[in-house]
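Student: Have a look at the structure that comes next, please.
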Amino acid sequence: MTGDPRLREVLDEVARPAGHWRLSGEEAVADVLARTRRQRRRLAGGVVSALAVIAVAVPLARAVPEPVPPSPAATTDADRGPVPSVPVLVAPTRGSLAGDAAFLAAVRRVGWGAQDAPPPDEREVVLATDTPDGRVALVVGHVEDDFRGVWLTGPVGAAADQLSVHLPAGLGRERPLSLAVGGPGPATLVVVAGRGDRIEVSPRLAAGPRGTVSRSYAAADAVEGVAVVPVRTTQHGTAVSVRVLREDRVVYRAGVDWLDGGAGRRVDLPVLSPLRPGGTPPAPAVLSAALVGLAVPLGVEPAALDPELLWSGPLPAGGRPGTVAVVVAHSPGGALAVTTWAGGAGAPVACGTQTPPGNAEVGGLTVARVCALPSPAGGSDDDERWLVLTAPPSAVRAEVLDRHEQLLVTLPLDGGSTVVPMPEEAAEVRTLDASGQRLAATAIAPPALAPFGDYGSGPER
């Protein structure tokens with residue numbers, strides 16, 4: 001009937017006896033052909049379904065975004081290489097008087113005071129300008145291999161021979177310079193930087209209510225690297241800091257010179273009674289230095305700080321004569337400012353300043369700080385180092401520990417305070433009350449490395 005061996009095999013299978021019924025040969029052939037057709041339809045339907053699934057899946061697969069290549073790593077200052085050094089204090093002359101040839105010639109002939117000056121024809125007039133607070137010129141030159149220069153200042157419109165001589169601080173051919181003229185009160189800041197440099201000015205230090213300390217800088221209008229900016233000064237100094245950027249990187253940050261810088265100006269000291277018992281009144285010079293050292297960076301007069309004398313006492317017997325003062329002030333920004341100063345026959349020394357939050361209880365403050373006073377014999381390696389500790393009067397003794405929390409010495413306290421020679425390796429102080437209960441654990445603050453104010457120290461490259 002058919003030559004298909006697979007069909008014949010199926011026919012033979014169904015033709016075998018299977019219970020009480022049996023298909024005839026024709027019926028068997030018809031049955032097999034029907035089954036074959038059904039199987040083919042199922043196979044075809046499966047293929048169509050599979051194709052439909054694939055057809056649906058393809059758009060979903062294409063909807064997945066392709067991987068984004070990784071962004072290149074941000075370029076760091078180290079990758080960019082060093083900021084190029086450029087001569088800053090060089091001719092041609094800049095400023096509003098740069099085109100006044102007769103005035104520039106006369107300025108070159110002005111004497112430099114007691115300082116030896118280059119011959120007039122070898123001097124360079126870097127700056128000549130009038131400002132709202134006077135006339136300013138900057139003249140530089142070399143004496144042998146020594147780079148020197150002077151500020152010349154006077155009233156607006158002053159002739160060259162009417163200008164006064166002032167020596168710049170931190171003079172260098174590649175270093176910016178700044179000077180404040182006028183004041184106290186409104187004054188004018190003059191900054192000389194490199195042509196193309198960006199000049200920024202911060203009016204004062206800010207100490208916020210949580211005790212954070214910061215400076216904010218704003219760009220100053222500059223022409224050929226010279227900025228003339230209105231600022232304010234106090235009776236005793238200026239809070240202003242200058243920042244110079246080149247290729248968007250800071251190359252210089254520092255305070256400014258002020259011709260009327262308040263040195264030697266009398267400070268009207270408020271009457272301050274110590275908040276804690278014991279000790280002795282501070283030397284007037286020490287208290288004055290403490291008040292001015294806090295007030296000037298914050299841009300206010302000392303009386304505006306509502307200062308309080310937390311504690312004062314003598315330096316230990318057997319050492320140099322002198323006193324220590326710990327002063328608390330209330331900053332305009334809301335923080336407390338706690339400063340420690342010491343001194344005797346010589347100039348007072350700043351031991352350091354900290355800024356607790358403004359809501360801290362003054363009576364509960366514990367201060368532990370090292371004061372380093374120059375040795376009378378001279379030499380920084382021989383500085384006399386004192387541990388100044390003042391705590392609430394309930395503290396009767398203090399344990400001094402090293403950084404491994406090993407006890408070095410136990411100190412008796414007078415009204416919660418003392419001054420002793422600094423124990424070697426001391427790192428922390430724990431104050432105790434009469435029952436031996438611990439009151440506070442306080443890290444010993446090192447001596448100040450820079451004046452309070454975050455002015456900056458000059459070049460930063």
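Coordinate-derived values only; no laboratory data. A quick note: this is a predicted structure, and the numbers were derived from the prediction, not measured. Backbone-built Cβ (ideal geometry, glycine too); neighbour counts: all protein chains shown.
Student: List every residue whose amide H lies under 5 Å from the amide H of A448, counting only residues 5 or more places away in sequence or on a different chain, with H placed 1.01 Å from N in the peptide plane.
Tutor: Under 5 Å from the amide H of A448: G352.
Student: By the scheme Lys and Arg +1, Asp and Glu -1, what is the net charge of all other residues having a beta-carbon under 12 Å from that of T431?
Tutor: Values: positive: R397, R430, R438; negative: E399, E428, D433.
In short, 0.
Student: Please give the peptides 292-298, 173-179 ranked by average Cβ packing (other Cβ atoms within 10 Å per residue), highest first, as a rough proxy for protection. Can you show the working numbers first?
Tutor: Details: 292-298: 24.7, 173-179: 21.1.
Ranking the peptides 292-298, 173-179 by packing returns 292-298, 173-179.
Student: Mind giving me the FRET efficiency for S164 and S435? R0 is 60 Å, r the Cβ-Cβ distance, nearest 0.05 is fine.
Tutor: 0.35
Student: Name the residues whose placed amide hydrogens come within less than 5 Å of the amide hydrogen of L127, ignoring near sequence neighbours (fewer than 5 apart) on the same chain.
Tutor: When sequence neighbours closer than 5 places are left aside, the close amide H contacts are R94, L138.
Student: Net charge around P155, counting only other residues with Cβ within less than 15 Å of its Cβ (Lys, Arg = +1; Asp, Glu = -1)?
Tutor: Net charge in that neighbourhood comes out at -3.
Student: While we're looking at this one, here's another question. How far apart, in nanometres, would the label points at S96 and V156 be if each is projected 7 angstrom from Cα along the Cα-to-Cβ direction?
Tutor: 0.6
Student: Also: So for the pair R397, A114, with labels modelled 7 Å out along Cα→Cβ, what separation do we get in nm?
Tutor: Taking the two extended label points, one gets 5.6 nm.
Student: Which GluC sites (Glu not before Pro) in segment 389-441 pass both tests, a DSSP loop state and at most 10 other beta-carbon atoms within 10 Å?
Tutor: Sites meeting the loop and neighbour criteria: E424.
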